[in-house]
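**Q** The structure is given below, and queries will be raised subsequently.
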Amino acid sequence: MRNLQDIIGQIKNLEKELHAELQKKQEEFFYNIQGKKVRFEEAARRRHKALMTHVPVYLLHARFRNLLTIPFVWACFPPALLMDLVVSFYQFICFPIYEIPKVRRSDYIVIDRHSLAYLNLIEKINCVYCGYFNGLIAYTQEIAARTEQYWCPIKHARRMANLHSRYKNYLEYGDASGYKNDFDNIRNSFNDLKEKKDA
């Protein structure tokens, strides 16, 4: 049976391969990333603009049922802003006290699809919303994961649909002696985050 650390090592190698493949996509679609800006070659930008569906045509072809759901989609936005504010404030106050490395918001909330010239104004707004909302969920999950590692680093008995980044460090469910002996070590084990920050 494979060791958990071997599996984690394989996952990290696959992540490296994924990044290499994403790098190839930059060449395929004629763009490069400079800091936080994405720059397309001029010919690609012209082609993108030519492929854009203008707003009146876009609305004319929109499904009526999709238009009806718009208020429900946007009703989620104010609570999302509140959650962003609350979790950011929480980690700003509590993480230094717990000596947990802070989660960098910009690593999770990535908004760049609005720069695509083949998207019209409505599509760009939708993409900003989705990038913000999904990034916020990931950002919040990472804050919660680090908090859970500090307060309750025990794996669940039942299988979870999605494992967060800190779960691999947790104690096994039912390991009472491990909980008594290793709790403090695991609670304070954030060296991998510090190493990543220094790299």
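The values are calculated or read from the model by the stated rules, or taken from the named source; none is laboratory data. Please read these numbers as outputs of a predicted model, since none were measured by experiment. Backbone-built Cβ (ideal geometry, glycine too); neighbour counts: all protein chains shown.
**Q** Is there any pair with a first residue in the range 172-195 that is within 13 Å of Pro153 (Cβ to Cβ) and assigned by TED's automatic domain parsing to the domain that holds Thr147 and a second that is hydrophobic (A, V, I, L, M, F, W, C) and surrounded by 14 or more Cβ atoms within 10 Å (Cβ to Cβ) whose Cβ atoms are under 7 Å apart and which are 6 or more apart or on different chains, and what are they?
**A** Within 7 Å, the pairs are Tyr173/Ile154; Gly178/Leu171; Tyr179/Ile154; Tyr179/Leu171; Asp182/Leu171; Ile186/Leu171; Phe190/Ile100.
**Q** Taking Asp107 as the residue in question, decide whether it is within 30 Å of Asn191 (Cα to Cα) and among the acidic types (Asp, Glu).
**A** When the stated conditions are applied, Asp107 passes them.
**Q** Looking at (1) free of Cβ contacts under 8 Å to residues at least 12 places away in the same chain; (2) among the β-branched types (Val, Ile, Thr); (3) under 21 Å from Arg146 (Cα atoms), can you tell me which one Val87 breaks?
**A** It fails just one condition, (1).
**Q** Separate question: If you check Asn181, Asn191, Asn185, Asn162, which single one turns out to be at pLDDT below 95, within 22 Å of Ile100 (Cβ to Cβ), within 20 Å of the chain's Cα centre (by Cα) and not charged (D, E, K, R)? It would help to see each step written out before you state the result.
**A** On the way: Asn181 fails: within 20 Å of the chain's Cα centre (by Cα); Asn191 fails: within 20 Å of the chain's Cα centre (by Cα); Asn185 fails: within 20 Å of the chain's Cα centre (by Cα).
Going through Asn181, Asn191, Asn185, Asn162 in turn, the sole match is Asn162.
**Q** Search the range 115-144 for residues that are among the acidic types (Asp, Glu) and pair each with any residue that is modelled with pLDDT of 95 or more when their beta-carbon atoms are under 6 Å apart and the residues are at least 6 apart or on different chains.
**A** These pairs meet every condition: Glu142/Val103.
**Q** Taking Pro71 and the conditions (1) surrounded by 10 or more Cβ atoms within 10 Å (Cβ to Cβ); (2) part of a helix (DSSP H, G or I); (3) more than 19 Å from the chain's Cα centre (by Cα), which numbered condition does it fall short on, given that it satisfies the others?
**A** Evaluating Pro71 over (1) surrounded by 10 or more Cβ atoms within 10 Å (Cβ to Cβ); (2) part of a helix (DSSP H, G or I); (3) more than 19 Å from the chain's Cα centre (by Cα) leaves (1) as the failure.
**Q** Taking the criterion of being more than 28 Å from the chain's Cα centre (by Cα) and not assigned by TED's automatic domain parsing to the domain that holds Asn120, would at least one residue in the range 31-42 satisfy it?
**A** Filtering the range 31-42 for residues more than 28 Å from the chain's Cα centre (by Cα) gives 42.
Keeping just the survivors that are not assigned by TED's automatic domain parsing to the domain that holds Asn120 gives 42.
Scanning the range 31-42 turns up at least one residue that is more than 28 Å from the chain's Cα centre (by Cα) and not assigned by TED's automatic domain parsing to the domain that holds Asn120.
**Q** If you check Phe89, Phe64, which single one turns out to be farther than 23 Å from Tyr139 by Cα, modelled with pLDDT of 90 or more and of a type outside the set (Ser, Thr, Tyr)?
**A** After applying the criteria, what remains is Phe64.
**Q** Continuing with the same structure: Please go through the range 43-67 and pick out each residue that is more than 21 Å from Tyr118 (Cβ to Cβ) and over 29 Å from the mean Cα position of the chain (by Cα).
**A** Here is the first cut: in the range 43-67, the ones more than 21 Å from Tyr118 (Cβ to Cβ) are 64-65, 67.
Listed by number, the residues that qualify are Phe64, Arg65.
**Q** Scanning the range 102-118 for residues that are modelled with pLDDT of 95 or more and not in a helix (DSSP H, G or I), which turns out surrounded by the fewest Cβ atoms within 10 Å (Cβ to Cβ)?
**A** Filtering the range 102-118 for residues that are modelled with pLDDT of 95 or more and not in a helix (DSSP H, G or I), the one surrounded by the fewest Cβ atoms within 10 Å (Cβ to Cβ) comes out as Arg104.
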